[in-house]
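What follows is a set of notes on a single structure, which appears directly below.
Bear in mind these aren't lab numbers, they're just calculated from the coordinates by the rules spelled out. Since this is a predicted model, take the numbers as computed values, not measurements. With ideal geometry, Cβ positions are generated from the backbone for all residues, glycine too; neighbour counts draw on all protein chains shown.
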Amino acid sequence: MEFLKKAHKTPATDTAATRRTVDAMLAEMAGGGAEAEAKARHYARTLDKFDGEIVIGEAQKKSAAAQLPAQLKEDIARAHGRIRRFAGAQMRSLGEFQTELSPGLTAGQRLIPVSTAGCYVPGGRYAHVASALMSITTARVAGVDCVVACSPPNPAHAEHGMHPAILHAMVTAGADRILAIGGVQGVAALAFGLFTGRPADIIAGPGNRFVAEAKRALYGRVGIDLFAGPTEILVIADATADPDIVAADLVGQAEHGADSPAWLVTTDAALAAAVTKRIAAAIARLPEPNRTAAADAWRDYGEVALAADREQAAAAADRYAAEHVEVHAADHDFWLRRLQNYGSLFLGEETTVAFGDKTAGPNHILPTRGAARYTGGLSVGKFLKTVTWQRMTRAANRDIAAAAARISRLEGMEGHALTCDARLRKYFDGETFNTAAS
């Protein structure tokens, strides 16, 4: 492909420095207990300028709801309803089963929710109401027993600890415990059970590069939903696309932050030129600090690529494996069939990332940094353990035990083989079986 604009940076830029910072902070809070909580409070004071109560109480929840306009509360309720219905449909698409694999051998699958889910809700520069709904609602539909949610404190809303709309959304979605703490210290609070005594089995939710790195560093000690770093958008466009809308959509995601990639892949040179010409004006329409964030993101991470045809465009999109992929091109069914690597797909100019981010229903917590090559976004399945079980009659041991003994001895695992032999002797006393490796 021909690149009409090439990015100076990639999503992996500055990863090493971020990792060093996060590792040092997590090490100070890993022990849990009062000392770790004190360190978390220290980071809240120094990094977020917040010295209030971290654990949100009932009075704060009621006060936050009372401050919000009725229309906003109705919007939150409707968005919650659509997210819950979509998650419910996902839940119904999964299932438990049992099957007879051979005479006398029955095996099956169970879906067991995790006990405690930690939901991280961004809330620094922007009030990410929708992120609260996406993570907490999905955990609730999955059947999680305890949902602990946290969001960065906001000094402008000290009486609530955080933006009242975020707090109200958390309550609406069904969070059991809510903490006014964010960043690396917020992820640590979820993972180590600080302030709640409920360490998370899994942590879900998007965040900046420090939050994403903290989740990555803790993976294994706790589960994580996916690697959700700075947001990304890729727009596929042909000659039928509206350059004003394409430019608006690229800039709309770039406003998230200076490290948010925005990529355009098009089969039409005139469209590429028209979009590029409109980017500056689209950025200029934004207020500060959004304007500077979008300008920096487009300068350092923005790309415009010209593809020879739609097949080359599709192949390029799959290489990017972007978090959000918008298709502003003819024949939507072709793109739905052909594209494979994306977090969420938006077909046609009638839909856009903003709809999916805020209120449409499908989850907006999605993979970034190429992780869409191997995983999808947050779903009820992330909060469920798919576990297996098996049951066997004694008669079924005649074939299974002998075969297992032979395979075990071939592998050199005599202890395994002897457990098979013990059952053959007990269940079929007097019979002779071939359990040698060869």
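At a temperature of 20 °C and a viscosity of 1.002 mPa s, determine how fast the chain diffuses translationally according to Stokes-Einstein, using the Kirkwood radius over alpha-carbon pairs as Rh; express D in µm²/s, rounded to the nearest whole number.
Rounded, D is 89 µm²/s.
Name the long-range amide H neighbours of ALA237: under 5 Å, sequence gap of 5 or more, or other chain; modelled H, no Pro or chain starts.
So ALA237 has HN proximity to VAL265, THR266, THR267, HIS328.
Pairwise over distinct Cα atoms, reciprocal of the mean inverse distance: report the Kirkwood radius of region 395-438 in Å, one decimal place. Walk me through the numbers on the way to the answer.
Numbers: mean 1/r = 0.0997 Å⁻¹.
About 10.0 Å, per the Kirkwood formula over Cα pairs.
THR99 to ASP300: FRET efficiency via 1/(1 + (r/R0)^6), r the Cβ-Cβ distance, R0 60 Å, to the nearest 0.05?
0.65
Test of the criteria: in region 47-121, which GluC sites (Glu not before Pro) are in a DSSP loop and have at most 13 other Cβ atoms within 10 angstrom of their Cβ? Show your work: numbers first, answer last.
Details: sites: GLU53, GLU58, GLU74, GLU96, GLU100; in loops: GLU53, GLU96.
Hits after loop and neighbour filter: GLU96.
Over the chain, what relative contact order in percent results from Cα pairs under 8 Å that are six or more residues apart?
19 percent
Sort SER408, SER102 so that the residue with the fewest other Cβ atoms within 10 Å of its own Cβ comes first and the one with the most comes last. Working shown, then result.
On the way: SER408 20, SER102 11.
Going from sparsest to densest Cβ surroundings: SER102, SER408.
Mind listing the Cα extents of region 80-209 along all three principal axes, in Å, largest one first?
Its Cα atoms span 67, 32, 26 Å along the three principal axes.
Any idea how far apart ARG338 and LYS73 come out in nm if each label point goes 7 Å out from Cα toward Cβ?
Taking the two extended label points, one gets 4.9 nm.
Give the calculated FRET efficiency between ASP242 and LYS62 to the nearest 0.05, with a Förster radius of 35 Å applied to their Cβ-Cβ distance.
Efficiency for this residue pair is about 0.15.
Have a look at region 109-156 and give its Rg and Dmax from the Cα atoms, expressed in angstrom.
Calculated on Cα positions, Rg and Dmax stand at 12.9, 49 Å.
Let me know the Rg and Dmax you get for region 241-348 when you use only its Cα atoms, in Å.
Computed over the Cα atoms of region 241-348, radius of gyration and Dmax are 13.5, 40 Å.
Quick one: compute the contact order of region 395-438, relative version, from alpha carbon pairs under 8 angstrom and 6+ residues apart, as a percent.
50 percent
May I ask which of LYS73/LYS358; LYS62/LYS215; LYS61/LYS385; LYS6/LYS277 have a Cα-Cα span longer than 20 Å here? The partial results should precede the final answer.
Numbers: LYS73/LYS358 14 Å; LYS62/LYS215 31 Å; LYS61/LYS385 32 Å; LYS6/LYS277 16 Å.
Pairs exceeding 20 Å: LYS62/LYS215; LYS61/LYS385.
Any chance you could give the angle, 0 to 90 degrees and rounded to 10, that helix 290-301 forms with the longest Cα principal axis of the chain?
That helix lies at roughly 60 degrees to the long axis.
Give me log10 I(q)/I(0) at q = 0.09, 0.15, 0.16 Å⁻¹ for region 18-171, Debye formula, one equal scatterer per alpha-carbon, no solvent.
Calculated log10 I(q)/I(0) at the listed q: -0.42, -0.92, -1.00.
Across bins of 10 angstrom width beginning at 0, how are the C-alpha pair distances of region 299-438 distributed, in whole percent?
10, 25, 17, 8, 14, 18, 8, 1, 0
Taking Cα pairs under 8 Å and at least six residues apart, what relative contact order does region 166-289 come out at, in percent?
RCO, region 166-289: 18 percent.
Please give the calculated 222 nm ellipticity per residue for the chain, where each DSSP H segment of at least 4 residues contributes -39500 (n - 2.57) and the sum is spread over every residue; nearest 500 deg cm²/dmol?
On the way: 16 runs with 202 residues, N = 438.
Roughly -14500 deg cm²/dmol at 222 nm, from the helical runs in the chain.
So for region 170-278, Kirkwood radius off the Cα pairs, Stokes-Einstein at 37 °C and 0.692 mPa s: how many µm² s⁻¹?
Once the numbers are plugged in, D ends up at 199 µm²/s.
Exactly which GluC sites (Glu not before Pro) in region 383-436 are in a DSSP loop and have at most 15 other Cβ atoms within 10 Å?
GLU431
Each residue of region 408-419 in turn: what ³J(HN,Hα) in whole Hz from Karplus with 6.51, -1.76, 1.60 and θ = phi - 60°, glycine and Pro shown as x?
4, 5, 4, 7, x, 9, 5, x, 5, 4, 5, 5
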